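First comes the structure, then the notes that go with it.
We did not get these values from a lab; they are worked out from the coordinates using the rules stated. Owing to the predicted nature of the structure, the values given are computational and were not obtained by experimental measurement. Neighbour counts are summed over all protein chains in view; Cβ atoms, including those assigned to glycine, are modelled from backbone coordinates with ideal geometry.
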């Protein structure tokens, strides 16, 4: 889909800090992160939401989410927990209509900074963050 920013990132025609890739899914840092390391996983094939998401691709998306969540608990990110979220439809706060899974690293006691992240949504060094997330994936195998 030519007007979809996520399709552009998948195609390599739009910028994105890529941290994960497999045959079905691409992962890149959210440009408005709630926490440092907040990553979006998207199917390589366009799907606007759950209604038109191929169940096999949905399974691949969540497998990638599990893998990334486990990896974020190791290495430089050292998350104590991870939120996985998929917003489906405008009423559910979906703003880009290409199915995507949010993988949000969490740390014990981060409730205030997590809440602040919804307001600020900024990473002071996204290139370093991308390198850290990739290092977590590499160390987790």
*How far is helix 111-120 tilted, in degrees, relative to the longest principal axis of the Cα atoms in the chain, given as a value from 0 to 90 rounded to the nearest 10?*
50
_Helix axis angle, 126-140 relative to the chain longest principal axis, alpha carbon, degrees_ = 90
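Taking 10 °C and 1.306 mPa s as the conditions, I'd like the Stokes-Einstein D for the chain in µm²/s, using the Kirkwood hydrodynamic radius from alpha carbon pairs. Write down the numbers at each step before the final one.
Working: Rh = 15.1 Å.
Roughly 105 µm²/s, to the nearest whole number.
Quick one: plug the Kirkwood hydrodynamic radius of the range 91-141 (C-alpha pairs) into Stokes-Einstein at 25 °C, 0.890 mPa s, and report D in µm²/s.
Values: Rh = 13.5 Å.
Answer from the Stokes-Einstein relation: 181 µm²/s.
Could you sort the peptides 6-19, 62-75, 113-126, 37-50 by per-residue average Cβ neighbour count (10 Å cutoff), highest mean leading?
On the way: 6-19: 16.7, 62-75: 18.8, 113-126: 12.8, 37-50: 20.6.
So the peptides 6-19, 62-75, 113-126, 37-50, ranked by packing, come out 37-50, 62-75, 6-19, 113-126.
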_Crossing angle, helix 55-72 versus the chain [Cα axis fit, 0-90 degrees, rounded to tens]_ = 10
*asked:* I need to check one value: relative contact order of the range 34-141, counting alpha carbon pairs closer than 8 Å and at least 6 residues apart, in percent.
replied: 42
_Cα centroid of the range 1-56 to Cα centroid of the range 107-141, whole Å_ = 17
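Roughly speaking, what is the stretch gain from residue 62 to residue 119, that is 0.36 nm per residue apart minus the C-alpha to C-alpha distance, in nm to one decimal?
Values: separation 57, 0.36 × 57 = 20.52 nm, distance 2.70 nm.
Length difference between fully extended and current span is 17.8 nm.
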_Diffusion coefficient, µm² s⁻¹, Stokes-Einstein with Kirkwood Rh over alpha-carbon pairs of the range 2-43 at 10 °C and 1.306 mPa s_ = 151
